[in-house]
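Below: one structure, written as structure tokens.
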Amino acid sequence: MTYAVFILFTLMALCGGVLVVTQRNLVRAATALVLSLFGVAGLYVLLEAGFLAAVQVLVYIGAIAILIIFAIMLTRRMVQGDESGLNRQWGWALVSAVVMFALFCYVVVKAWPLALGAVSAPAVPADSTEALGLALLDWEQYVLPFEIASVLLLSAMVGAVVIAREKHDS
Amino acid sequence: MNGFDISNLFLSIGQVWTEWLLQLGLSAGWVSFVNKLAGAVLVTAFAVGTVVFTIVGERKLIGRIQDRLGPNRVGPFGLLQTVPDVLKLLTKEIITPANADKVLYSIAPMLAVASVILIWGVVPFANGVMGVDLDIGALYFVAVSSFGTLAILLAGWSSNNKYALVSAFRVVAQLISYEVPLVLSLLVPVLLAGTMSMNGIVQAQAQGWFVILAPISMLIFFISSTAEVGRSPFDLLEADSEIVAGYNIEYSGMRFAMFFLGEWIHAFTICGLTATLFFGGWRGPFVDQVPALGVIYFLVKMFAIYFVHIWIRTTMPRLRIDHLLDFNWKFLVPLSLVNLIVMSLAARLTGMPRADAALGELLPYWGVLLGVNVVLAAVTLYVLGVVGSRIRRRQEAAREPEPAVTGP
């Protein structure tokens with residue numbers, strides 16, 4: 001049963017990913033990205049990381065995907081039929097994609113044959129969300145990265161307000 | 001099986017049902033699968049089924065408040081009015097505009113309804129009687145709500161109609177803005193209960209409902225979730241007495257109705273959430289002895305809040321778009337930020353009371369939190385008064401002097 005759900009979510013993530021790069025229409029591509037991100041959130045649920053799954057949906061679908069769609073809709077013409085999937089950076093993109101793929105192949109071959117089921121993962125602690133929260137605010141663990149990220153987001157927010165502010169020159 | 005315990009009716013039914021499935025020869029894994037499926041169907045059926053009654057109830061109630069009779073032709077007292085309405089909607093032609101994005105155009109209404117029904121998965125009807133007791137229930141609620149925003153954006157864009165698109169932008173601007181105070185005020189019950197589980201939040205209210213401990217958070221939550229539904233006084237985007245329609249202008253038939261189905265479900269869903277988070281959910285007299293009573297308490301509370309919601313809907317005038325956004329960004333967001341800081345400090349200073357604390361021990365805890373809220377409300381009203389009168393004076397100074405009346 002878990003395998004069936006796993007395959008469903010994996011298909012969602014992969015099909016969404018393929019659609020993102022093959023769709024000529026940018027809004028449809030962004031919507032396919034939502035599908036892909038949702039599939040990944042489902043995989044998190046299967047890994048019993050409910051908190052991560054909810055944050056994935058909240059941040060990536062609720063905020064980032066909507067922001068992307070918003071930006072596309074405001075900057076492009078309304079229904080732009082065909083648009084080339086390539087731009088001037090296609091060469092670099094090709095190089096990085098090939099390098100990444102080679103890296104993945106290397107890792108998979110190295111780990112082959114995959115010992116499915118032989119490695120039993122330790123049980124997920126019931127209070128993993130609480131442990132995560134404590135680790136983020138623990139003085140000896142991740143409080144500095146956490147605070148730096150917070151300050152970065154805050155300054156980005158202030159910057160956005162400054163840019164969006166109407167100029168009163170009169 | 002140790003007898004059919006009538007006092008815990010719903011869990012007993014579940015137990016009998018599970019044992020019956022096991023006797024049929026299903027393996028434990030399949031029984032769990034069937035149970036989860038049945039739970040999903042039941043929760044969805046509750047949400048959609050309740051709409052049938054709330055539509056008639058709300059129309060009757062609005063009619064009474066506006067000194068009319070309301071629907072009174074179909075069935076006794078017009079109670080069956082929804083049936084012909086639904087039949088009409090189901091039989092209407094579903095039109096897809098030319099050059100619309102067909103896939104997204106048909107997905108959007110489904111997504112709009114699904115995002116609201118998904119919330120019901122974590123709302124506890126009684127102790128343990130709920131879809132699933134997630135330990136991140138409150139976060140889950142915020143996460144699935146974001147699908148609603150996506151649905152509206154997609155509906156507006158895929159219709160291939162510039163008015164629909166502009167309206168979708170306006171709606172999304174409102175929804176995203178009011179999400180901020182909604183989440184910030186939702187954090188206060190989570191903070192006081194020390195858990196994000198919805199059932200845990202209800203259980204934590206044994207030491208006093210959070211509406212007593214955090215009334216300001218309750219008001220912010222209720223106001224901003226009303227704005228999330230897009231109901232009066234926040235309904236200027238869909239003002240059906242002024243403009244044709246918004247993002248759903250191209251939709252017809254049942255697809256059109258799906259958006260309204262979503263809105264109607266959302267309307268009583270936020271009331272159920274307010275009841276759960278602030279009014280003790282299934283808590284009430286004798287609920288520890290007879291857990292099944294919790295369902296009744298929860299529904300009574302939910303519909304009592306729903307009554308207030310309709311009351312506000314029928315009596316408040318519409319806000320203007322700049323007032324709407326100003327009210328959010330210049331009032332609700334700062335207030336909810338200050339409220340969150342003050343409440344966390346107060347809760348930290350008083351400390352959580354023990355689970356078996358006597359009334360005498362609880363009174364100082366209640367007093368401190370309630371007192372903090374009253375002080376905060378007084379300061380807020382004072383600041384509002386000062387700022388308001390300053391703005392008014394500036395406006396009056398800027399206004400051109402009226403022409404002197406010259407006699408004939």
Out of A:Ala4, A:Ala30, A:Ala13, sole residue that is at pLDDT below 90, buried (at least 17 other Cβ atoms within 10 Å of the Cβ) and part of a helix (DSSP H, G or I): A:Ala30
Condition first: assigned to a loop (DSSP other than H, G, I, E, B) and in contact (Cβ under 8 Å) with a residue 24 or more places away in the chain. Now tell me which residues in segment B:232-241 satisfy that. B:Ser232, B:Pro233, B:Phe234, B:Asp235, B:Ala239
Some residue of segment B:282-301 being surrounded by fewer than 18 Cβ atoms within 10 Å (Cβ to Cβ), aromatic (Phe, Trp, Tyr) and not in a helix (DSSP H, G or I): yes
The conditions are (1) within 14 Å of another protein chain (Cβ to nearest Cβ); (2) within 22 Å of the chain's Cα centre (by Cα); (3) not small (Gly, Ala, Ser), and B:Val51 fails exactly one of them. Which is it? (1)
Subset of segment B:120-137, residues in contact with a Phe, Trp or Tyr (Cβ under 6 Å, 6 or more places away or on another chain) and farther than 22 Å from B:Ala292 by Cα, comes to B:Ile136
If I go through segment A:65-75 residue by residue, how many of them are among the β-branched types (Val, Ile, Thr) and either in contact with a strand residue (DSSP E or B) (Cβ under 6 Å, 6 or more places away or on another chain) or facing chain B (nearest Cβ under 7 Å) (or both)? 2
When both residues are 6+ apart or on different chains and their Cβ atoms are under 6 Å apart, which pairs have a first residue that lies in segment A:40-64 and is away from every other protein chain (no Cβ under 11 Å), and a second that is of a type in the set (Gly, Ala, Ser)? A:Val40/A:Ala13; A:Tyr44/A:Ala53
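A quick yes/no check of all residues on (1) outside the structural domain of B:Asp133 (by TED's automatic domain parsing); (2) surrounded by 14 or more Cβ atoms within 10 Å (Cβ to Cβ); (3) within 30 Å of B:Ile312 (Cα to Cα); (4) in contact (Cβ under 8 Å) with a residue 40 or more places away in the chain:
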residue	(1), (2), (3), (4)
B:Gly14	yes, yes, no, no
B:Leu22	yes, no, no, no
B:Ala40	yes, yes, no, yes
B:Val43	yes, yes, yes, yes
B:Val51	yes, yes, yes, yes
B:Val56	yes, yes, yes, no
B:Ile62	yes, yes, yes, yes
B:Gly70	yes, yes, yes, no
The residue that is nearest to the other protein chains (Cβ to nearest Cβ), considering only those in segment B:114-170 that are of a type in the set (Ser, Thr, Tyr) and within 21 Å of the chain's Cα centre (by Cα), is B:Ser146
Residues located in segment A:1-25, provided they are among the hydrophobic types (A, V, I, L, M, F, W, C) and more than 11 Å from chain B (Cβ to nearest Cβ): A:Phe6, A:Ile7, A:Leu8, A:Phe9, A:Leu11, A:Met12, A:Ala13, A:Leu14, A:Cys15, A:Val18, A:Val20, A:Val21
Note on segment A:3-43: residues more than 14 Å from A:Ala65 (Cα to Cα) and either aromatic (Phe, Trp, Tyr) or in contact with a His (Cβ under 7 Å, 6 or more places away or on another chain) (or both) are A:Tyr3, A:Phe6, A:Phe9
Going through (1) in contact (Cβ under 8 Å) with a residue 24 or more places away in the chain; (2) in a helix (DSSP H, G or I) one by one, B:Asn99 fails only at (2)
For B:Phe268, indicate whether it is among the aromatic types (Phe, Trp, Tyr), in contact (Cβ under 8 Å) with a residue 12 or more places away in the chain, part of a helix (DSSP H, G or I) and surrounded by fewer than 22 Cβ atoms within 10 Å (Cβ to Cβ). no
Test result for B:Val368, surrounded by 10 or more Cβ atoms within 10 Å (Cβ to Cβ) and either under 28 Å from the mean Cα position of the chain (by Cα) or of a type in the set (S, T, N, Q) (or both): no
Filtered residue count, segment B:340-364, keeping only those that are closer than 19 Å to B:Leu187 by Cα and assigned to a helix (DSSP H, G or I): 11
Given the criteria over 12 Å from the mean Cα position of the chain (by Cα), under 24 Å from B:Ser32 (Cα atoms), modelled with pLDDT of 85 or more and not assigned by TED's automatic domain parsing to the domain that holds A:Leu132, does A:Val20 qualify? no
Counting only residues that are assigned to a helix (DSSP H, G or I), surrounded by fewer than 18 Cβ atoms within 10 Å (Cβ to Cβ) and not hydroxyl-bearing (Ser, Thr, Tyr), how many does segment B:306-339 have? 15
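The values are calculated or read from the model by the stated rules, or taken from the named source; none is laboratory data. Predicted, not measured: the structure shown is a model, and the values here were computed from it. Because the Cβ atoms are built from the backbone with ideal geometry, glycine has one as well, and the counts that use them run over all protein chains shown.
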